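To keep things clear, I will list the structure first and then write my remarks on it.
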């Protein structure tokens with residue numbers, strides 16, 4: 001068992017103004033809810049602790065209140081993506097994890113994720129991060 005991390009794109013119309021804790025799943029089932037059937041899972045990371053901690057901080061900055069940042073979603077707006085892009089590779093970002101330096105492949109993958117997320121947002125979608133550990 002470990003940390004699995006995902007990014008989803010849903011229609012901006014469905015997301016409305018929601019910044020965190022959007023319902024991507026119906027009850028306890030692992031099925032997308034009907035209104036968001038067009039969900040696109042377009043990123044997956046495994047045990048990228050620095051990124052997860054960065055997303056956790058974003059969740060609380062956006063008003064998230066759950067005590068444990070697990071199975072919680074947080075929306076990534078263009079300005080959030082800009083901040084993430086600037087943070088990648090910095091000593092501050094590296095210090096967010098307890099397992100040493102971030103994997104260089106994970107950093108490159110995240111840069112590509114940022115690019116694709118900007119395209120999704122420009123195309124009328126909203127991007128959300130989710131995780132499970």
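Answer yes or no: is there a residue in the range 85-95 that is at positive phi, within 12 Å of the chain's Cα centre (by Cα) and at pLDDT below 95. No, the range 85-95 contains no residue that is at positive phi, within 12 Å of the chain's Cα centre (by Cα) and at pLDDT below 95. If you go through the range 93-133 and keep only what is closer than 18 Å to residue 59 by Cβ, out of contact with any helix residue (DSSP H, G or I) (no Cβ under 7 Å at 6 or more places or on another chain) and assigned to a helix (DSSP H, G or I), you end up with just 113.
Taking the criterion of being in contact with a helix residue (DSSP H, G or I) (Cβ under 8 Å, 6 or more places away or on another chain) and under 22 Å from residue 57 (Cβ atoms), the residues of the range 10-25 that qualify are 20, 22, 24. When the residues of the range 30-51 are filtered to those that are assigned to a helix (DSSP H, G or I) and either out of contact with any strand residue (DSSP E or B) (no Cβ under 8 Å at 6 or more places or on another chain) or at pLDDT below 95 (or both), the one that is surrounded by the most Cβ atoms within 10 Å (Cβ to Cβ) is 50.
Residues in the range 58-79: is at least one part of a helix (DSSP H, G or I), farther than 16 Å from residue 18 by Cα and in contact with a strand residue (DSSP E or B) (Cβ under 9 Å, 6 or more places away or on another chain)? No - not one qualifying residue is present in the range 58-79.
The values are calculated or read from the model by the stated rules, or taken from the named source; none is laboratory data. On a predicted model such as this, the values are computed, not experimentally measured, just so you know. Glycine gets a Cβ as well: all are built from the backbone with ideal geometry, and neighbour counts include every protein chain shown.
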